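**Student:** Can you keep this structure in mind? I'll have questions shortly.
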Amino acid sequence: MHSDHTRIPQLRAVFEAAQRFGLTEDEAWRALDDSLDEVGRDATVSEYFEELAGVLARRILSKQRRRGSKPERVTPERR
């Protein structure tokens with residue numbers, strides 16, 4: 001992977017944002033690994049981060065959809 005001098009967010013900031021949207025740290029790391037596999041070793045850093053953003057977005061949406069399709073359990077405290 002090589003840089004094309006495009007300004008990109010820090011990886012920690014990307015992970016923190018993914019976690020605020022519902023992914024765990026492990027899920028974010030898996031997305032990072034999968035993104036690197038997808039773009040290959042010859043990709044630029046900006047190509048890599050573009051792929052990572054897409055993978056994270058798809059996983060966040062997928063996880064939210066799964067949560068939304070499950071009936072919400074009402075605990076005694078919330079009644």
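The values are calculated or read from the model by the stated rules, or taken from the named source; none is laboratory data. Bear in mind that the values here come from a model prediction, so they are computed numbers and not experimental data. Note that each Cβ is placed from the backbone with ideal geometry, even for glycine, and that neighbours are counted across all protein chains shown.
Table: residues versus (1) surrounded by 16 or more Cβ atoms within 10 Å (Cβ to Cβ); (2) within 13 Å of the chain's Cα centre (by Cα).
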| residue | (1), (2) |
| --- | --- |
| VAL14 | yes, yes |
| THR24 | no, yes |
| LEU32 | yes, yes |
| SER35 | yes, yes |
| GLU38 | no, no |
| ALA43 | yes, no |
| LEU52 | yes, yes |
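**Student:** Provide a single number: the residues in region 20-79 that are part of a loop (DSSP other than H, G, I, E, B), at pLDDT below 90 and either touching a strand residue (DSSP E or B) at 6+ places or on another chain (Cβ under 9 Å) or of a type in the set (Lys, Arg) (or both).
**Tutor:** Matching residues across region 20-79 total 4.
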